[in-house]
Structure formats: structure tokens, C-alpha cells
Amino acid sequence: MLAKAFSAGTVGIDAYRVEIEVNHGGGDPVTVIVGLPDAAVKESKDRVETALVNSGFQRPKGRLTVNLAPADVRKEGPRFDLPIALGTLAAVGEVPAGRLQQFWVTGELALSGAVRRVRGILPVATTARAEGARCLMVPRDNAAEAALVEGIEVYGVASLREAVEFLGGRRQLPPVRVDHRRLFREASTYGEDFAEVKGQEYAKRAFEVAVAGGHNILTIGPPGTGKTMLARRIPTILPPLTLEEVLETTRIHSIAGILPPEQPVVARRPFRAPHHTISDAGLLGGGSAPLPGEVSLAHNGVLFLDELPEFHRNVLEVLRQPLEEGVVNICRASVSVSYPCRFMLVAAMNPCPCGYYGDPRRECRCTPHQIQKYRNRISGPLLDRIDIHVEVPAVSYRELSSLSAGEPSASIRERVVRARRLQEERFASDPGINCNADMGARQLQRCCRLNSGAAAMLKEAVTRMHFSARAYNRILKVARTVADLDGAEEIGEDHLAEAVQYRTLDRQYWY
């Protein structure tokens with residue numbers, strides 16, 4: 001007897017329909033899986049057979065042929081265990097075949113018959129709804145994630161026996177419902193706040209400007225000055241995620257398999273801080289079945305690179321294209337996938353190998369050659385993509401011992417959101433440009449008007465401080481953001497002077 005079930009595979013952050021045909025016939029008791037399965041799919045026959053027996057079912061006698069269509073697309077992972085098992089039972093009359101075809105089914109089977117969670121459920125639910133499916137059966141631990149997609153009924157099952165009884169009408173399962181607003185509200189709270197940072201008012205202002213304009217930022221200072229502490233609080237002042245951004249970010253984290261069962265949605269801006277020993281594949285993504293890397297997991301959030309010069313040179317160089325294009329393309333012999341990666345790059349570094357160059361309290365032991373060699377680990381093309389360089393000096397005892405709290409993140413976020421709204425209106429007719437950091441030559445000419453005093457100041461700064469052409473453009477972008485925070489149409493002297501101060505690495509003493 002021939003039975004059919006529907007499931008889905010994933011490529012990148014998208015899913016595609018997989019039709020599973022199970023034929024039960026005579027002959028030797030053997031199970032054959034065809035349709036370009038990978039090793040994990042081939043092994044599913046052993047998991048399915050054992051799960052059937054341990055769930056109280058008889059292993060079908062005779063030959064079982066399982067076909068996964070389309071046959072020219074490689075099927076990967078254990079997500080097909082549950083639909084293969086249900087298709088097998090439908091082929092021998094244990095499950096109503098017509099009822100099974102009303103569902104899209106996905107899930108991994110344990111040998112005991114328990115259904116284990118799989119990754120990539122949100123793209124599967126989205127594709128199932130787009131394909132016209134009305135019902136989706138998933139592992140119970142994935143049910144809340146799938147229920148984020150409206151317009152399709154989601155049923156979570158904990159075991160193969162439970163799924164069979166539900167399909168046979170012997171057990172009632174209510175469709176899973178999710179209160180989206182409550183879920184977003186609970187998942188979008190932060191445990192950190194800028195009010196906890198003592199001193200560093202100049203650095204806080206630099207981070208506010210960076211966030212308001214979407215600028216990448218590099219902090220430079222001795223160890224223990226609060227560079228990491230400041231960076232970890234950046235998500236608290238970023239604008240809240242929109243619903244579209246929530247779903248897109250959740251899809252990436254779902255594909256990567258890092259969504260915790262108790263939090264099926266990414267409602268906070270991601271903050272990723274990989275160790276400096278990370279490989280280029282770990283940063284960009286990769287593997288035989290390419291999974292998203294850190295740059296994609298930081299999509300719509302922050303990628304923090306602490307101790308920037310300690311990263312391998314080739315790892316830093318692969319950042320250049322994702323920073324420019326906002327997407328990373330991973331090509332393998334059998335598949336090519338694209339992952340979005342629009343993130344704010346935040347980096348931190350010491351001023352020299354020992355960390356105390358320029359510190360008035362401790363003497364630097366490094367020679368000028370060592371300092372220059374250390375700084376040169378960061379290439380010019382990468383620095384070209386970082387708009388703001390800011391020094392973070394040591395905090396005084398007076399500031400550390402102060403009982404007064406700093407400005408809270410909520411107040412800073414209000415100013416950031418107000419500036420971002422101005423930019424959204426300004427670039428409404430410019431596709432692909434969302435903030436000041438994305439401006440090209442045309443937008444710079446149109447949007448960065450200087451008053452007479454600011455124009456004279458910029459000419460003097462470029463002449464005396466020997467700014468390069470790229471630094472000139474970065475200064476204009478940052479000055480535009482500073483003006484937006486002030487609600488000013490034109491860029492004035494104060495705005496430009498502040499932007500010039502954020503070009504630490506262009507000052508001559510660094511060379």
C-alpha cells in the first residue's frame with residue numbers, strides 16, 4: 001500500500017516542501033530511503049524502526065520504500081523521522097492516510113518514541129502557510145515558535161504514540177495559541193542599563209551618536225576602563241525591533257538551532273561577542289550544510305569584537321564585504337545560501353600591546369615600533385568602515401565612588417528613536433538606505449549641508465590634521481547624526497567639531 005505525508009526541508013533561512021511517499025510491499029524485510037538523503041536521513045530508518053517497536057507498534061513485514069521528493073534536492077537532518085514513521089503506519093493501515101495528508105509534519109524521533117525538537121521551525125511554518133497548508137504537526141518544544149505564524153493551526157506532540165492517537169481521533173489536542181504582544185513584552189526586557197556605568201560621559205555620548213546614525217564604532221583604552229561594559233549596554237538604547245525584524249531575526253536563530261524552548265522569539269536586539277580565536281567560517285557561517293555565522297546571528301543587532309587586534313588577520317578581512325553589503329553568501333559544491341547580516345559593528349582595543357600607552361597612571365613599556373605594529377594588525381580597508389574612533393580613559397576614584405546614577409538607557413533611547421525617525425523620513429525615497437551610516441556620495445551632497453562657519457572649520461581640520469578622503473566622508477556622516485540629535489537642518493560648528501573629535505586614529509600621534 002502506498003501512503004503519503006508532507007514535510008519540509010530548509011535552505012538558508014527559507015524552507016521548501018518535501019513530499020514523503022512510503023510504499024509497503026512484499027519481499028525481504030528491508031527499508032530503503034531514496035531521494036538524495038544525507039547520512040542523518042539514511043540513519044532515520046533505524047531510529048524509526050526502533051521507535052515504532054518501543055511505541056507498541058509492529059514493525060511492518062516486507063519491503064518499505066521511502067521516497068523524498070523532489071529527488072534532486074539534498075535532504076538533511078533528522079527532521080523527517082516523524083513524517084516517515086507516520087507514513088509507514090499509514091501504509092499498513094494504522095493511521096488514516098487521508099487525515100495524515102492534511103498536515104505538514106516535522107520532528108526527530110528518539111528510540112523511545114519521544115519527539116525531539118528540531119531547528120528551522122519558523123521558516124517551515126511560514127512556507128507551509130504560503131503553500132496553503134492548514135495544519136502543522138511539530139515537536140511540542142517547537143510549538144510556540146511555529147505558532148508565531150498566523151493563519152495556520154499548529155499542533156505540538158511529545159511522542160509518536162500521541163501523534164498516532166491524535167490522527168486516529170482517539171486523542172484530542174488543542175491547537176497551540178501564542179499571545180504575541182505578551183511574548184514580545186516579556187522577551188524584550190533588558191537586565192542592563194547605561195545608568196550603571198560610572199563616569200565615561202564622553203564615551204557614552206559617542207555610543208549615543210553611533211547608535212543614532214547606525215555608525216560602526218571602535219573604542220580604544222587601557223584595560224578595565226569599561227569598554228566591554230559600555231558595549232554590552234548598546235542594545236538597550238537601540239530602537240525597538242519591528243515585527244518584521246523580530247520574525248527575520250528569529251528565523252536566523254531558529255535555523256542555527258539556538259532558540260531556547262522557553263523563549264521561542266527573539267524580541268531583543270541580538271548582541272554577539274565571539275572570542276578572538278574564532279575562525280572565518282565561524283564568523284561568516286559555513287559547514288557542509290551551511291549554517292549562519294556570528295555576523296548573521298547579529299543581524300538587526302550588535303556584533304562586538306573585543307581585543308580587535310588579537311583576531312586573526314584573515315578573519316577581520318572577511319568582515320569587509322558583509323559590512324558593505326549587509327548579506328553574506330556561502331557557496332559549497334552542492335548548495336549556495338545567503339544570510340542577511342545588517343549589524344552594528346562595535347570593536348574594542350588596547351592602545352598598545354601592554355595596554356597603557358597614554359595612561360597617566362601607569363607607564364607604557366612598549367616601543368614606538370611595537371605600538372605601530374600592534375595598530376597595523378587592523379587593516380586600512382576595515383578601519384575605512386568604522387566611522388567613530390573614541391578613547392575610553394581610566395575612571396577616577398571620585399567617579400567610581402559616586403552614589404549618583406547616570407542617565408538611564410530609556411532617556412537615551414528616546415533621543416535615538418527621534419533621530420532615527422528623521423532619517424527614515426529623509427531617506428524614504430532612497431531604497432536600501434535606512435540611516436546616516438548608509439549614505440552614499442549622492443546622499444552626502446544632498447543631506448549634509450554645512451553653514452559657513454562649519455565649512456571653514458572642516459577645511460581647516462582637513463588641512464591641519466591631514467584627514468584622508470574617507471575620513472572626510474565619515475566626518476560628514478557623523479556630523480549629520482549629531483545635527484539630527486539636536487533636531488537641526490544644517491550642520492553647524494558644534495556638530496562638526498564633535499564629529500572631528502571622533503576620529504582618534506586619524507590624529508598624527510597614532511602614527
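Cβ-Cβ contacts under 8 Å between residues 6 or more apart (or on different chains), taken from a first residue in segment 413-440 that is touching a residue at least 24 places away in the same chain (Cβ under 8 Å) to a second residue that is acidic (Asp, Glu) and surrounded by 20 or more Cβ atoms within 10 Å (Cβ to Cβ), are listed as ARG415/GLU208; VAL416/GLU208; ALA419/ASP484; LEU422/ASP484; GLN423/ASP484; ASN436/ASP484; ALA437/ASP387. For TYR374, the test of being aromatic (Phe, Trp, Tyr), part of a helix (DSSP H, G or I) and either open to solvent by less than 60 Å² (accessible area, probe 1.4 Å) or free of Cβ contacts under 8 Å to residues at least 60 places away in the same chain (or both) is passed. Counting the residues of segment 343-366 that are without any contact (Cβ under 8 Å) to a residue 60 or more places away in the chain and basic (Lys, Arg) gives 2. Looking at segment 208-221, which of its residues are surrounded by fewer than 24 Cβ atoms within 10 Å (Cβ to Cβ) and within 14 Å of GLU498 (Cα to Cα)? The answer is GLU208, and nothing else. Scan segment 326-338 and tell me whether some residue there is under 25 Å from VAL73 (Cβ atoms), surrounded by 15 or more Cβ atoms within 10 Å (Cβ to Cβ), of a type in the set (A, V, I, L, M) and free of Cβ contacts under 8 Å to residues at least 24 places away in the same chain. Yes, some residue in segment 326-338 is under 25 Å from VAL73 (Cβ atoms), surrounded by 15 or more Cβ atoms within 10 Å (Cβ to Cβ), of a type in the set (A, V, I, L, M) and free of Cβ contacts under 8 Å to residues at least 24 places away in the same chain.
Just one residue in the set VAL295, VAL246 is open to solvent by less than 20 Å² (accessible area, probe 1.4 Å), within 29 Å of VAL197 (Cα to Cα), touching a residue at least 60 places away in the same chain (Cβ under 8 Å) and not in a loop (DSSP other than H, G, I, E, B); that residue is VAL246. Taking segment 1-98 as the region of interest, the helices (runs of 4 or more DSSP H) fully inside it that hold 3 or more residues being closer than 21 Å to GLU165 by Cα and open to solvent by 30 Å² or more (accessible area, probe 1.4 Å) are 44-54. Of the listed requirements (1) in a helix (DSSP H, G or I); (2) of a type in the set (A, V, I, L, M); (3) closer than 30 Å to GLN102 by Cβ, ALA203 misses just one: (3). The residues listed here are ASP359, ASP430; of these, the one that is of a type in the set (D, E, K, R), closer than 26 Å to ARG480 by Cβ and either modelled with pLDDT of 95 or more or open to solvent by less than 50 Å² (accessible area, probe 1.4 Å) (or both) is ASP430.
For segment 395-409, a residue qualifies if it is of a type outside the set (Phe, Trp, Tyr) and open to solvent by 60 Å² or more (accessible area, probe 1.4 Å), and the qualifying residues are ARG398, GLU399, LEU400, LEU403, SER404, ALA405, GLU407. When segment 193-202 is filtered for residues that are surrounded by 22 or more Cβ atoms within 10 Å (Cβ to Cβ) and at pLDDT 90 or above, only PHE194 remains.
PRO222 meets each of the listed conditions (1) modelled with pLDDT of 95 or more; (2) part of a loop (DSSP other than H, G, I, E, B); (3) of a type outside the set (Phe, Trp, Tyr) apart from (1). Among the residues making up segment 130-155, those that are open to solvent by 10 Å² or more (accessible area, probe 1.4 Å), part of a strand (DSSP E or B) and not charged (D, E, K, R) are CYS135, TYR155. Among the residues in segment 304-325, are any part of a strand (DSSP E or B) and either in contact with a helix residue (DSSP H, G or I) (Cβ under 7 Å, 6 or more places away or on another chain) or touching a residue at least 12 places away in the same chain (Cβ under 8 Å) (or both)? Within segment 304-325, one or more residues are part of a strand (DSSP E or B) and either in contact with a helix residue (DSSP H, G or I) (Cβ under 7 Å, 6 or more places away or on another chain) or touching a residue at least 12 places away in the same chain (Cβ under 8 Å) (or both). Taking LEU183, is it more than 29 Å from LEU52 (Cα to Cα) and assigned to a helix (DSSP H, G or I)? So LEU183 fits the description; yes.
The values are calculated or read from the model by the stated rules, or taken from the named source; none is laboratory data. Bear in mind that the values here come from a model prediction, so they are computed numbers and not experimental data. In this analysis, Cβ positions are derived from the backbone assuming ideal geometry, glycine residues included, and neighbour counts consider all displayed protein chains. Heads up: the accessible areas ignore ligands, DNA and RNA and are worked out on the full protein's heavy atoms, side chains in. Shrake-Rupley method; radii C 1.70, N 1.55, O 1.52, S 1.80 Å.
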